[in-house]
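Written below as structure tokens is the structure these notes are about.
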Ligand code: PEP
């Protein structure tokens, strides 16, 4: 049975004080769900030391290189040493703001595994791409670039985050049917490479997940939890989302 995953993406929010209050209030429970909190990298070490049992810390992005003249970059191994267990790679905000390419994101996924981190590899189409009917072509292309750098077997040790760009931070959520269709498509692409690994890989949905819609979304056959931005900043809301993920596993 696949474990569910509930991931909180704090983006560029937070402070030591806010994280410390959050960690005191977060209810992780003991269900079959991995819980990962992605804080800004500078807070990683402090966060890893105060998270409640059952929750682990993650970094929101990593560099490809392991060391060297790359000012501002953080290697996976460095993040691991600071307490990170997971790394997001290929979040749409980085694809947009930093013009990260599909190939670079594949290299980052490989770098995460090399450095001992579990990547959540994000894929997802823009509104324009969905309106054109190109959503599976776009997500397929993004995933193929990752599978060129990482085997499907290895990817099962991480996760895929399907995050339609038009649903991130907009309050607009993919319907459970739209999300399930894309998750099933992603799993079918993984299965073409490795059928067993495809069944083991958590595929989480991201895009305006809230306690009110989490139960129905996570109840879909191929949705294994959520990657949550806005609602994850509130310990009560994210605790409810964790419970929904645990119930669905
Ligand atoms: C995200 O940050 O990846 C995200 C899905 O944000 P939100 O839940 O706010 O849409």
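Each reported figure results from applying straightforward, stated rules to the coordinates on display, with no laboratory input. Being a predicted model, the structure only gives us computed values, none of them experimental. Note that each Cβ is placed from the backbone with ideal geometry, even for glycine, and that neighbours are counted across all protein chains shown.
A few points about this structure:
- Its DSSP H runs of at least 4 residues, each contributing -39,500 (n - 2.57), put the calculated 222 nm mean residue ellipticity of the chain at -12500 deg cm²/dmol, to the nearest 500.
- When the chain is treated as a Gaussian network with alpha carbon springs shorter than 10 Å, the biggest mean-square fluctuation among 93, 17, 129 belongs to 17.
- Alpha carbon Rg of region 45-189, scaled by the compact-globule rule 2.2 N^0.38 Å: 1.07
- Protection proxy ranking, peptides 212-218, 222-228, average beta carbon neighbours within 10 Å, highest first: 222-228, 212-218
- For region 140-181, fraction of C-alpha pairs farther apart than 12 Å, in %: 69 percent
- The GNM of the chain, with springs linking C-alpha atoms under 10 angstrom apart, assigns the highest mean-square fluctuation among 134, 61, 34 to 134.
- Once you reduce region 206-249 and region 26-94 to the center of their Cα atoms, the two points are 20 Å from each other.
- Residue of 162, 205, 22 that the Gaussian network model of the chain assigns the largest fluctuation, springs spanning Cα pairs under 10 Å: 22
- Hydrodynamic radius (Kirkwood) for region 113-249, which is based on Cα pairs only, to one decimal in Å: 15.0 Å
- Legend: P(r) of region 182-241 from all alpha carbon pair distances, 10 Å bins from 0, whole percents, reading 23, 45, 23, 9.
- With the highest mean first, a sort of the peptides 142-150, 5-13 on other beta-carbon atoms found within 10 angstrom per residue produces 5-13, 142-150.
- Here, region 1-92 yields an orientationally averaged convex hull projection of 6.8 nm² when only Cα atoms define the hull.
- Calculated diffusion of region 53-109, Stokes-Einstein form, Kirkwood radius summed over Cα pairs, 10 °C and 1.306 mPa s, µm²/s: 132 µm²/s
- Global geometry of the chain, whether rounded, prolate or oblate, following the gyration tensor of its Cα atoms and the 1.5 cut on a/c: rounded
- The eigenvalues of the Cα gyration tensor, multiplied by 5 and square-rooted, give region 156-206 an equivalent ellipsoid with semi-axes of 23, 11, 7 Å from largest to smallest.
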